[in-house]
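The values are calculated or read from the model by the stated rules, or taken from the named source; none is laboratory data. In this text, all values refer to a predicted model and were calculated from it rather than measured experimentally. Neighbour counts are summed over all protein chains in view; Cβ atoms, including those assigned to glycine, are modelled from backbone coordinates with ideal geometry. Each accessible area value is taken on the protein alone, full model and side chains, heavy atoms only, with ligands, DNA and RNA left out. Shrake-Rupley method; radii C 1.70, N 1.55, O 1.52, S 1.80 Å.
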Amino acid sequence: VNPACPVIGKMERSFSEKPDRVTQCARIWIDGQRQQGILSCLKHFPGHGSAKGDTHAGLVDVTGTWIPAELEPYRDLIAQGDVDMVMVAHVINRNLDTLPASLSPKVIRGLLRDSLGFQGVVITDDLAMGAIAKQYGLEETLRLAILAGSDLLCLSNNGSAPYDPDLVPKAVEAIERMVADGRLLADDIHTAAERIRKLKKKL
């Protein structure tokens with residue numbers, strides 16, 4: 001959508017500006033990976049190609065640039081049963097929600113799962129990126145991502161926040177604590193785990 005997008009168009013990280021071409025190329029890519037026993041992931045839902053900024057650095061608002069055509073490859077591939085995983089972006093589209101897509105129940109549970117019918121594994125983009133790490137603490141980030149409906153939480157430990165060798169155990173402890181005090185539901189954790197187990201069985 002925006003050839004000058006600093007992290008998509010400018011770096012040629014999209015197959016095409018035409019949704020049907022993206023769908024065609026993505027299907028070929030997915031089939032090729034499956035032939036080699038590799039799972040694939042579509043990204044960055046609900047569309048990052050119109051962005052004027054870089055979510056590695058900070059919040060990026062696509063409210064005025066995002067177009068519905070960005071959903072077409074997701075819609076078509078999901079309808080054909082060709083999608084293993086979907087990664088949600090950290091972009092904000094205020095026509096959908098005031099939260100970044102990666103932390104938004106309206107985007108994940110509403111648009112992706114209910115409207116488009118995707119019931120597979122959802123993974124966040126890296127939660128250490130500036131768009132998230134500069135706005136939210138670790139515990140709040142984890143809480144919002146899980147409440148939104150993500151199954152896998154990507155924590156690269158090489159983003160905006162300083163490197164933390166204990167990041168994973170801290171995250172696990174925070175999630176367990178939030179389940180124990182009722183801020184998160186154990187059922188959501190079990191549902192996510194079951195989706196992940198089901199996906200692994202495809203390998």
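So here's what we get for this one:
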quantity	calculated
Those aspartates and glutamates that a straight Cα-Cα span of less than 18 Å connects to Lys198, excepting residues fewer than 8 apart in one chain	Asp82, Asp84, Asp151, Asp187, Asp188
Carbon and sulfur %, accessible surface of the chain computed with the full protein complex present, 1.4 Å	54 percent
Of the DSSP H helices in the chain, those whose Cα atoms cover at least 18 Å axially and whose Kyte score averages 0.5 or more	167-180
For the chain: accessible area per residue (Å², 1.4 Å)	52 Å²
Net lengthening on full extension, Leu167/Lys201 (0.36 nm per residue, minus Cα-Cα)	9.4 nm
Under 19 Å from Lys134, Cα to Cα: lysines that are on another chain or at least 8 residues apart	Lys52, Lys170
Computed accessible area, Lys202, all protein chains, 1.4 angstrom probe, square angstrom	110 Å²
Residues in region 114-133 that a label on Ser156 would reach, taking backbone N under 18 Å of a point 7 Å out along Cα→Cβ	123-133
Pairwise FRET efficiency - Ile189 versus Glu17, Cβ, R0 = 35 Å, nearest 0.05	0.35
Exposure of His56 as accessible area (Å², to 10), given a probe of 1.4 Å and all protein chains	100 Å²
Pair Ala69, Lys52: separation of 7 Å Cα→Cβ label points (nm)	2.0 nm
For the chain, built as a Gaussian network whose Cα springs stay under 10 Å, the top-fluctuating residue of Ser102, Ser50, Ser150	Ser50
P(r) tail fraction, region 100-170 - alpha-carbon pairs more than 17 Å apart, %	40 percent
Aspartates and glutamates with Cα under 12 Å of Lys10, excluding same-chain neighbours fewer than 8 positions away	Asp54
